[in-house]
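The values are calculated or read from the model by the stated rules, or taken from the named source; none is laboratory data. Computed from a predicted model, the values in this text were never measured in an experiment. Cβ sites come from the backbone with ideal geometry, for glycine too, and all protein chains shown count toward neighbours.
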């Protein structure tokens, strides 16, 4: 038993252009796009917003925007558009963050029907002790750059100036510190 | 659940992830970068997981509470090198080194650790039999002392010292309190300040010494000093004891509990702020803070609960407004301030 909608879907692949087509077809394509790229999209937004919860919220909004695109506009690369919309919304999201944090949760907007956010295996790290130990193992410069940027919240430029290093080097130190820290956490979790 | 247990990404993959993470966080991210990152994400099943893990970690740092952040900063920003020279035999350098490898390396770079026969100072002290001149200031009163050799001493409130000069030596004993020394350098007549457990020898210098019982902090504002344990050099075989040199901008703290000297950086103005009526404390025990405030407070401050004294305080206390500092204390510490006619008592505030 085949209905027309599912027949159309058979041929939808990753990044095909969205043409001015029947709304149901377009919706299916957008849904497929999200199924395939949702993880990256949320990861991207989490990076921009530094919050998993906010990232998921904004991902929903991206989905809604994609669905409500003008039907007469042909989109060459929906995937690129998706990340462009995400990028723009993230900037807004950062701006509105303080406001939203103070606002009570609206149960109606809290639970969108689409897209399904896959349950993620959470590797929650709660042990500050392990993190502290890991950071102590780092060379002094790496540790200092990390503390100044990640904990004290200073810009790379400021850290670079204070430490008399290039911004590139500061980034290098900070990413090494993050990686080392996380690797230690993973090792601590492994029985 | 059918989900396969995937491999944990190794540190190299995590490094790539962290590098991407930082790049994508820049204010302006070019679309090509996003594309490259997506290619990276898809190129190995380990990559998205590593990227998520880095995100989780940064989110944890971003949402850490203030207390955690403060602790991490205190522990990691490393103003101090907790271990430099063993002063008492019970200290186990190996154990400490193992715990603080990076610090030791840092000190080696920033400090000239001198080794000399500690006997020297002792002999000087023994040889000197002159009665000396004693100076003492009263509570709340700073005193300036000019010495015959051109050196000068600024003595803090409720502080006392004795000077013993002869042809070969200039010996100062800081009995209690705080003093700033500006020394007319003379190699033939070493200028040595003993402050309880420490002996500080001038090497062309201005320096500040604060002694709170056996706890001593030496801050160098100009030139350098050599600091050695005082009166502990009496081993019969002439065992060489370690000392260390501190230069301008460094301070050495002696902690009687661990019997260890620690070196940290200090702003020269910070070290002698007391001369401008400000007492500066950096991660200092409340008991020590109170003892120093008492050198300036009309009414002595008493600590009724030892647990309070063991807490630490960082900040400034203005000598002319000690009372308002005390009034604000309950906002920072679980403390109740009770004011009496002749004293102020700090007790532990009951939990609500």
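Among the residues of segment A:167-186, the ones that are facing chain B (nearest Cβ under 8 Å), free of Cβ contacts under 8 Å to residues at least 40 places away in the same chain and over 14 Å from residue A:138 (Cα atoms) come to 1 in all. Mind checking which residues of segment B:152-211 are in a loop (DSSP other than H, G, I, E, B), modelled with pLDDT under 90 and under 14 Å from residue B:224 (Cβ atoms)? Correct list: B:185, B:187, B:190. Scanning segment A:127-141 for residues that are without any contact (Cβ under 8 Å) to a residue 24 or more places away in the chain and more than 8 Å from chain B (Cβ to nearest Cβ) returns a single hit, A:129. Residues that are in a loop (DSSP other than H, G, I, E, B), in contact (Cβ under 8 Å) with a residue 12 or more places away in the chain and more than 7 Å from chain A (Cβ to nearest Cβ) are absent from segment B:28-35 altogether. When residue B:324 is tested against (1) within 19 Å of residue B:211 (Cα to Cα); (2) exposed (fewer than 13 other Cβ atoms within 10 Å of the Cβ), only condition (1) is not met.
The number of residues in segment B:274-286 that are surrounded by fewer than 19 Cβ atoms within 10 Å (Cβ to Cβ) and assigned to a helix (DSSP H, G or I) comes to 2.
Can residue B:232 be described as at pLDDT 85 or above, buried (at least 16 other Cβ atoms within 10 Å of the Cβ) and within 15 Å of residue B:192 (Cβ to Cβ)? Don't jump to the end; show me each part of the working.
Working: at pLDDT 85 or above: no; buried (at least 16 other Cβ atoms within 10 Å of the Cβ): yes; within 15 Å of residue B:192 (Cβ to Cβ): yes.
Spelling it out, it is not the case that residue B:232 is at pLDDT 85 or above, buried (at least 16 other Cβ atoms within 10 Å of the Cβ) and within 15 Å of residue B:192 (Cβ to Cβ).
Among the residues of segment B:107-116, are any surrounded by 19 or more Cβ atoms within 10 Å (Cβ to Cβ), at pLDDT below 85, touching a strand residue (DSSP E or B) at 6+ places or on another chain (Cβ under 7 Å) and within 28 Å of residue B:187 (Cβ to Cβ)? Quick ask: steps written out before the conclusion?
In the first step, residues of segment B:107-116 are kept if they are surrounded by 19 or more Cβ atoms within 10 Å (Cβ to Cβ); the result is B:107.
Retained after the next criterion (residues that are at pLDDT below 85): B:107.
Okay, now just the ones that are also touching a strand residue (DSSP E or B) at 6+ places or on another chain (Cβ under 7 Å), so B:107.
Within this subset, residues satisfying the condition of being within 28 Å of residue B:187 (Cβ to Cβ) are B:107.
Scanning segment B:107-116 turns up at least one residue that is surrounded by 19 or more Cβ atoms within 10 Å (Cβ to Cβ), at pLDDT below 85, touching a strand residue (DSSP E or B) at 6+ places or on another chain (Cβ under 7 Å) and within 28 Å of residue B:187 (Cβ to Cβ).
Filter segment B:42-58 down to residues that are facing chain A (nearest Cβ under 9 Å) and under 46 Å from the mean Cα position of the chain (by Cα), then give me how many there are.
The number of residues fulfilling the criteria is 11.
For residue B:291, the conditions (1) without any contact (Cβ under 8 Å) to a residue 60 or more places away in the chain; (2) buried (at least 16 other Cβ atoms within 10 Å of the Cβ) all hold with the exception of (1).
In this entry, residue A:14 passes the filter for residues that are assigned to a loop (DSSP other than H, G, I, E, B) and either within 22 Å of the chain's Cα centre (by Cα) or modelled with pLDDT of 85 or more (or both).
Looking at segment B:60-74, is at least one residue modelled with pLDDT under 95, within 7 Å of chain A (Cβ to nearest Cβ) and more than 30 Å from residue B:282 (Cβ to Cβ)? No, because not a single residue in segment B:60-74 is modelled with pLDDT under 95, within 7 Å of chain A (Cβ to nearest Cβ) and more than 30 Å from residue B:282 (Cβ to Cβ).
Tell me, which residue of segment A:142-164 that is more than 8 Å from every other protein chain (Cβ to nearest Cβ) and surrounded by fewer than 16 Cβ atoms within 10 Å (Cβ to Cβ) is nearest to residue B:22 (Cα to Cα)? If we take residues in segment A:142-164 being more than 8 Å from every other protein chain (Cβ to nearest Cβ) and surrounded by fewer than 16 Cβ atoms within 10 Å (Cβ to Cβ), then A:155 is nearest to residue B:22 (Cα to Cα). Residue B:314 satisfies every condition listed in (1) surrounded by 17 or more Cβ atoms within 10 Å (Cβ to Cβ); (2) within 26 Å of residue B:275 (Cβ to Cβ) except (1). Exactly one residue out of A:73, A:62 is more than 22 Å from residue B:39 (Cα to Cα) and more than 10 Å from every other protein chain (Cβ to nearest Cβ), and it is A:73.
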